[in-house]
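Quick notes on the structure that follows.
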Amino acid sequence: MAVFGSHRFRDFCNLHDKIVALLMTELWSFYAVFAFTSVVNLIIGLEQDGIIDGFMTYYLKEVIQKVQKKGLLRRPLDLMLAIYLILATGFCIFRGMIALDVPADLCRSYIQLHEPYIKDPAAYPKLQAQFSHIGASLHARTPYIYRVPEEAKFYFLVLNIVYGILPQLLAYRCVNKPEFFMKAKEEEKAQ
């Protein structure tokens, strides 16, 4: 009986050692891959900042040219953000016209039906931050004539939240995937 038990223990120890060795190999591989990518990203960053020169030039030139050859229609996220930017600019101009009392019928109906707060005599609604504008337009202490009408609240909230969040997405896109915004160099750097 003791011999049988020692074989089981020895088999268990061998299995344990194999599992530990496999896990150590897998962890080593995992750390090696991520250490390599970290060094590559560090080198790319140092080269883009101009601290070092010539390490990744060829690699970066290929990537930038590949991305910049794609048209806007082949990059749906960029297309959506560009369309949004055009619409947001138009909406901003439209709100500016309302704040400046342009006597157009569209401006009057919009101010009455959707955002009467823009007509508040205080200068704050004309020079507001987006989310502060939303809060002030719905706040109980805002005079009733300047509050958003109940039937327009959903439209008002969706429009203003999209108007406030999408610029953040555009900035995130520009910072994290800058290939399209980088200048492609025609000549390779001198070695």
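Residue by residue, here is whether (1) surrounded by fewer than 11 Cβ atoms within 10 Å (Cβ to Cβ); (2) modelled with pLDDT of 80 or more; (3) among the aromatic types (Phe, Trp, Tyr) holds:
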residue: Lys66; (1), (2), (3): yes, no, no
residue: Asp78; (1), (2), (3): no, yes, no
residue: Ile86; (1), (2), (3): yes, yes, no
residue: Ile93; (1), (2), (3): yes, yes, no
residue: Met97; (1), (2), (3): no, yes, no
residue: Val102; (1), (2), (3): no, yes, no
residue: Tyr110; (1), (2), (3): no, yes, yes
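Can you find a residue that is within 19 Å of Cys174 (Cα to Cα) and assigned to a helix (DSSP H, G or I) anywhere in region 89-108?
yes
To keep it simple, each residue is scored yes or no on (1) out of contact with any Gly (no Cβ under 6 Å at 6 or more places or on another chain); (2) assigned by TED's automatic domain parsing to the domain that holds Arg147; (3) free of Cβ contacts under 8 Å to residues at least 60 places away in the same chain; (4) not polar (S, T, N, Q).
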residue	(1), (2), (3), (4)
Ser38	yes, no, yes, no
Ile43	yes, no, yes, yes
Gly50	yes, no, yes, yes
Leu79	yes, yes, yes, yes
Ala88	yes, yes, no, yes
Ala99	yes, yes, yes, yes
Ser109	yes, yes, yes, no
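Might you check whether a residue that is under 30 Å from the mean Cα position of the chain (by Cα), under 21 Å from Ile86 (Cα atoms), surrounded by 15 or more Cβ atoms within 10 Å (Cβ to Cβ) and modelled with pLDDT under 80 occurs anywhere in region 127-148?
Yes - at least one qualifying residue is present in region 127-148.
From the list Lys185, Lys189, which residue is farther than 23 Å from Leu73 by Cβ, modelled with pLDDT under 75 and over 27 Å from the mean Cα position of the chain (by Cα)?
Lys189
The values are calculated or read from the model by the stated rules, or taken from the named source; none is laboratory data. Since the structure is predicted, the reported quantities are computational estimates derived from the model, not experimental observations. Every residue, glycine as well, gets a Cβ built from its backbone with ideal geometry; the counts of neighbours run over all protein chains shown.
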